[in-house]
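Asker: One structure is given below, represented as structure tokens, and several questions about it will come after.
Coordinate-derived values only; no laboratory data. Note that the structure is a prediction, hence the values are computed from the model and not measured. Here Cβ is always computed from backbone atoms with ideal geometry, including for glycine, and neighbour counts include all displayed protein chains.
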Amino acid sequence: MAEFRLRAEIAEAAERMSDTGPSPRGSGWVRLAPAVVDRFVLDRAEAWFLSAWRAAQH
């Protein structure tokens, strides 16, 4: 399980994907909790991590 704080439009789209949902941390946070970690899950996690990192710099 991993949680990411994303820009609002990215978080909204992310929550509609499989194995994801809102985090109890609050608005803009997305929880990724896959049953199986495959290359698609890893791609999403990497993209969301980089997006969150970039947003945190501003």
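Asker: For the range 3-20, in order, what is each residue's ³J(HN,Hα) by Karplus, 6.51 cos²θ - 1.76 cosθ + 1.60 with θ = phi - 60°, in whole Hz (x at glycine and Pro)?
Answerer: 10, 10, 9, 10, 4, 3, 5, 6, 4, 4, 5, 4, 5, 8, 8, 5, 6, 10
Asker: Follow-up. At 222 nm, what helix-only mean residue ellipticity would the chain give, in deg cm²/dmol to the nearest 500, using -39500 (n - 2.57) for each DSSP H run of four or more?
Answerer: Per the formula, -13500 deg cm²/dmol.
Asker: What label, among [x] 37, 27, 23; [y] 33, 20, 17; [z] 78, 24, 9, belongs to Cα extents along the principal axes in Å computed from the structure on display?
Answerer: Among [x] 37, 27, 23; [y] 33, 20, 17; [z] 78, 24, 9, the one derived from this structure is [y].
Asker: Quick check: the angle from helix 39-56's long axis to the longest principal axis of the chain, C-alpha only, nearest 10 degrees?
Answerer: 10 degrees
Asker: Just order 10-17, 51-58 by mean Cβ neighbour count inside 10 Å, highest at the front, would you?
Answerer: 10-17, 51-58
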